[in-house]
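Down below is the structure, laid out as structure tokens.
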Amino acid sequence: MSTKPDSVSLYKVRKLISELASKEGRGTELVTLYIPPKKPVHEVIANLREEWGTAGNIKSDTTRNHVQDALTRAMQRLKLYRTPPENGLVIFCGALPTNGPGSEVINLYEISPPKPVTAYLYQCDDHFHLEWLRDMLREEKVFGIISIDASEAGLGILSGDRLEIPDLMTSGVSGKTRKGGQSARRYERGREMELTYYYHRVGEHATRVFMEGAKVTGMIVGGPGPTKEDFLKGDYLHYELRKKVLVVLDTSYSGREGVRELVEKAADTLSDVRLVEEKKLVQRFLAEVNRPGGLAVYGLPRIMEALQKANVEVVLVSDDLDTVRLEAKCKKCGTVKSEVAQSSTKVQRKQDLISVPCTKCGATDYETDEKDIVDILEELAFQIGSKVEVISSGTEEGSMLKTFGGIAAILRYRPN
């Protein structure tokens, strides 16, 4: 049985998809391999060995060598596994140019996917097949939200860490105070007709947004006053959507603000929705920041120091932090120097790092390496039994985290 993927695993999959989407081979020489969790590894290796032999018939020397080298590299990696991981294994391997045609180097990318691989796939093509991985990122639970009162309505869609508000409408319904010259009964009858027309419009919009578009799995309805109950009792909402209503809540607002308020108030119902989890984490951090002697730190140097002292409960990282650690190891004496840089500047920073002679032996020949800062934080956190949570930058909470540099932590105890 597969477990729910954590935010770091999902971050790695999204990053890999983004990185590989633009990669192209010179010919059909990029290998894609999806291995289900119960597929014997020795069978996969045997299949790749057959493909290696078949590749010997390729006329182009370059393509033939690239395919066989990629298959050899994949088989070598698979020999490290006795059985596939819990959700199976995905491998992308092939010759990718480093500096134009003729500069190809065999690269291998492997990942344990966020959901179980359901079928075996071997494909050799001029691009990597990422569509199955993309499908795994789609949220299974999608919630429709209706925030309604007599003056306006807002329709929202909550999926994972994303809240969209695709539809807002005003009612056009007259106020409760009647105009001069009209009898109370006649005015009320006219207002009821306006409300009925408004409810029908909201119901029609809900069908379009939640059934023809998003295909929601659950509904949350709310708003100030009795309007929401009148709307639901009057059968204006499609019966399929009415069956999916999980909770009806009172709110202070309707429309756009009402949709956001409903997400807050329905936190118990939505407890396993990522956006709600992120709200709780960031709000807890902000509470610690504002509390005298609170258990909050931010900024990479302070967080690294706290991790080394085993004094971190959870690290919060923005998904667009886009920071790497660069390392240069002297080939002569083994001295290592490192530096943290933004991905956009890493090429220049790496060049600066290797252009300075080794401080111990004066040599200028280095081995270089780079690593995503999220991977480094995850390794350090694992060693001390703490967690890393990747926060979506596209949410209100994500924007708040970015004002603290996109990285923060909640401590276990207040240091002296």
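The values are calculated or read from the model by the stated rules, or taken from the named source; none is laboratory data. Bear in mind the structure is a predicted one, so any value in this text is a computation, not a measurement. As a convention, Cβ positions derive from the backbone with ideal geometry for all residues, glycine included, and neighbour counts pool all protein chains shown.
Only helices (runs of 4 or more DSSP H) whose full extent lies in the stretch 252-355 are considered here, and the ones with at least 2 residues that are out of contact with any helix residue (DSSP H, G or I) (no Cβ under 6 Å at 6 or more places or on another chain), within 25 Å of residue 7 (Cα to Cα) and touching a residue at least 24 places away in the same chain (Cβ under 8 Å) are 255-265, 274-290, 300-308.
Residue selection: residue 375 satisfies the criterion of being within 24 Å of residue 10 (Cβ to Cβ) and outside any loop (DSSP other than H, G, I, E, B).
Could you check, for the stretch 397-405, whether at least one of its residues is aromatic (Phe, Trp, Tyr) and surrounded by fewer than 18 Cβ atoms within 10 Å (Cβ to Cβ)? No, every residue in the stretch 397-405 fails to be aromatic (Phe, Trp, Tyr) and surrounded by fewer than 18 Cβ atoms within 10 Å (Cβ to Cβ). Scanning the stretch 57-73 for residues that are in a loop (DSSP other than H, G, I, E, B) and more than 17 Å from residue 122 (Cβ to Cβ) returns 59, 60. Restricting attention to the stretch 353-373 and to residues that are touching an Asp or Glu at 6+ places or on another chain (Cβ under 8 Å) and acidic (Asp, Glu), the residue that is farthest from residue 390 (Cα to Cα) turns out to be 369.
Here the condition is being surrounded by fewer than 18 Cβ atoms within 10 Å (Cβ to Cβ) and on the phi > 0 side of the Ramachandran plot; of 322, 369, 352, 375, it holds for 322 alone.
Residue-by-condition table, conditions (1) touching a strand residue (DSSP E or B) at 6+ places or on another chain (Cβ under 8 Å); (2) surrounded by fewer than 17 Cβ atoms within 10 Å (Cβ to Cβ); (3) under 30 Å from residue 280 (Cα atoms):
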position: 205; (1), (2), (3): yes, no, no
position: 216; (1), (2), (3): yes, no, yes
position: 220; (1), (2), (3): yes, no, yes
position: 245; (1), (2), (3): yes, yes, yes
position: 267; (1), (2), (3): no, yes, yes
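The condition of being assigned by TED's automatic domain parsing to the domain that holds residue 17, under 13 Å from residue 124 (Cα atoms) and in contact with a Cys (Cβ under 7 Å, 6 or more places away or on another chain) holds for only one of 28, 54, that being 28. Scanning the stretch 74-120 for residues that are touching a strand residue (DSSP E or B) at 6+ places or on another chain (Cβ under 8 Å), touching a residue at least 60 places away in the same chain (Cβ under 8 Å) and either in a loop (DSSP other than H, G, I, E, B) or surrounded by fewer than 14 Cβ atoms within 10 Å (Cβ to Cβ) (or both) yields a count of 5. In the set (1) surrounded by 13 or more Cβ atoms within 10 Å (Cβ to Cβ); (2) under 22 Å from residue 306 (Cβ atoms); (3) of a type in the set (Phe, Trp, Tyr), residue 382 fails one condition alone, (1).
Taking the numbered list (1) in contact with a Lys or Arg (Cβ under 8 Å, 6 or more places away or on another chain); (2) surrounded by 14 or more Cβ atoms within 10 Å (Cβ to Cβ) in turn, residue 346 passes all entries but (1). Among the residues of the stretch 231-243, are any in the same structural domain as residue 154 (by TED's automatic domain parsing), in a helix (DSSP H, G or I) and more than 18 Å from residue 143 (Cα to Cα)? Looking for residues that are in the same structural domain as residue 154 (by TED's automatic domain parsing), in a helix (DSSP H, G or I) and more than 18 Å from residue 143 (Cα to Cα), one finds at least one in the stretch 231-243, hence yes.
Screening residue 17 on (1) of a type outside the set (S, T, N, Q); (2) surrounded by 18 or more Cβ atoms within 10 Å (Cβ to Cβ); (3) within 19 Å of residue 91 (Cβ to Cβ) shows it passes everything except condition (2). The residue that is surrounded by the most Cβ atoms within 10 Å (Cβ to Cβ), counting only those in the stretch 45-73 that are in contact with a helix residue (DSSP H, G or I) (Cβ under 6 Å, 6 or more places away or on another chain) and hydrophobic (A, V, I, L, M, F, W, C), is 67.
For the stretch 139-153, check the following and say yes or no: at least one residue is of a type in the set (D, E, K, R) and more than 30 Å from residue 214 (Cβ to Cβ). Among the residues of the stretch 139-153, not one is of a type in the set (D, E, K, R) and more than 30 Å from residue 214 (Cβ to Cβ), which makes the answer no.
When each of 313, 278, 288 is tested for being acidic (Asp, Glu), over 17 Å from residue 340 (Cα atoms) and in contact with a Lys or Arg (Cβ under 6 Å, 6 or more places away or on another chain), the lone residue that passes is 313.
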